[in-house]
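Report on one structure; see the data block that follows.
The values are calculated or read from the model by the stated rules, or taken from the named source; none is laboratory data. It should be emphasised that the depicted structure is a prediction, and the values quoted were computed from it without experimental measurement. Using ideal geometry, Cβ is built from the backbone for each residue, glycine included, and neighbour counts are taken over all protein chains shown. The accessibility values were calculated without ligands, DNA or RNA, using every heavy atom of the protein model including side chains. Shrake-Rupley method; radii C 1.70, N 1.55, O 1.52, S 1.80 Å.
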Amino acid sequence: MRVAVLTLGCKVNQYESRALEEALGTRGHEVVALGEAPDAVVINSCTVTHRSDRDARAVIRRVRREHPGARVAVTGCYAQVDPQALRDLGVELVVGTGEREALPLLLEDGAVAVRVGDVAAPRPLGPEPVGRFAGRARAFLKVQDGCQAFCAYCIVPYARGPSRSLPLAAVEAGLARLAAAGHQEVVLTGVHLGLWGQELVPRVGFGALLDAAEAAGIPRVRLSSLEPGELTGSVVARLATSAVLCPHLHVPLQSGSDRILAAMGRPYAAADFRGRVEAALGSVPGLALGLDVIVGFPGEDRGAFAETRGLLEALPLAYLHVFPFSPRRGTRAWDLPGRVGDAEVKARARELRDLGRQKARAFGEAHRGRVLPALAEGGVAGGVLTLRTRNYLAVRVPWRGPVPQQELPVRVERVDAKGAAGSAAGSPAIGG
């Protein structure tokens, strides 16, 4: 078959889609783009917000309209939590997060079915057959899945089940495959990465994962995200001294108000959060700090919002991801009182996104005049190539010719509304 795979949502979904593509290829199928007359289209869905659900439905309708002869299958988190909504849209095959490995065989059998199991049932996390990310210097390795934090706003534990870790030997083998494929950076990713190893028997500490990353022979390894409580002294010390681990932390804050944090079920206070990230910023040279924040959670009055803004203003952020609160049926926040009006939520989100842009520009300005090693990200567009530094600064440079697969020294020369720009050694456009 000719199969197109479309991915919505997070880096974990991107990894799982790549694993599905490799599994399809192993069984003799051809993975094609959506515009190449596919026989089947697989949509790997997200359900973290109402907008994610809406986007998935829009993609399904478009695929059915533009490719009426293709079979449509939907997998991922939306398929897990609301399979009937997808069947009501005419989707022939709905496959939950725990049954994804069976998807190629179900496509071959021509099945019209819903295969959605109990994600809470015990099951190991097995290695997925991703050997390389073609044409990319950066690769991903999923080492963990699931979460049992059950934050009041979050549907993810219901979509993916409790935490499961890839065993250490499988992590080492996955890193070795990606190193052999020539990848210069690997992002260790998971739904709740910091839980890696806790349920393995015998239990394995997070430091063993960092040991494996540093020993793999890959020049750069990046952590996708860590919770505030997981910014331990040992983790920060490793980031500060490692020649491999990238000086970059993505940490979900969600709110700067202790009252709202408690209502969300987040296990820390704002002062604790600030202390941990400031300790990391003071220890790790050039650290890029990115945060997630939710606006409009039920009960967030102007005072609580001001506390969040004040905390964000006090921190030197590299970037800020702002999410309007999205009520998800089945979560504790679904029927909480004190809903914030839509117009006010949008205004608060706009205010924090403006602040995030100011912080990102200041982060770029702090690097003006510096020369940093950077890896290409994507292809050349309009004679411009974007490269990413180890501390996650994107720098645009003029470029002609093949995209480099190795790190290059990049000079940051200016910062504008689009981000940082400069020049890279070896660019044919610069006289190299």
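No other cysteine beta carbon under 4.7 Å away is the test; run it over the chain and list who passes. Singleton cysteines: Cys10, Cys46, Cys77, Cys147, Cys246. For the pair Asp354 and Val371 in one chain, pulling the backbone fully straight at 0.36 nm per residue adds 3.3 nm over the alpha carbon distance. Shape summary of segment 97-139, radius of gyration then Dmax from alpha carbon positions: 14.3, 38 Å. Of all lysines in the structure, those lying under 25 Å Cα to Cα from Lys346, and not within fewer than 8 positions of it along the same chain, are Lys359, Lys418.
Probing with 1.4 Å while keeping every protein chain in the model, the per residue accessible area of segment 348-432 equals 50 Å². Can you list the HN-Hα couplings for segment 148-160, worked out from phi with the Karplus curve (6.51, -1.76, 1.60; θ = phi - 60°), rounded to whole Hz and with x for Gly and Pro? Once θ is set to phi - 60°, the couplings for segment 148-160 become 10, 6, 6, 4, 4, 8, 9, 8, 4, x, 7, 8, 10 Hz.
Which shape class applies to segment 35-179: rounded if a/c is under 1.5, otherwise prolate when a/b exceeds b/c and oblate if not, where a ≥ b ≥ c are the square roots of the Cα gyration tensor eigenvalues? Judged from the Cα gyration tensor, segment 35-179 comes out oblate (a/c at least 1.5, b/c at or above a/b). Over the residues of the chain, the helix contribution to mean residue ellipticity at 222 nm works out to -10000 deg cm²/dmol, using -39500 (n - 2.57) for each DSSP H run of at least 4. Built from the Cα atoms of segment 297-432, the convex hull projects on average onto 10.8 nm², one quarter of its surface area. If you wrap the Cα atoms of the chain in a convex hull and average its projected area over all directions, you get 20.9 nm². Set the Cα radius of gyration of segment 232-342 against 2.2 N^0.38 Å, with N its number of residues, and you get 1.18.
Measuring max minus min along each principal axis, the C-alpha atoms of segment 55-126 give extents of 39, 25, 18 Å (largest first).
Packing around the peptides 141-150, 121-130, 269-278, taken as the average count of other Cβ atoms within 10 Å per residue, puts them in this order, highest first: 141-150, 269-278, 121-130. Highest-first packing order for the peptide set 222-231, 370-379 is 222-231, 370-379, based on the mean count of other beta carbon atoms within 10 Å. Here segment 345-432 has 53 percent of its accessible surface on carbon and sulfur atoms, given a 1.4 Å probe and all protein chains in place.
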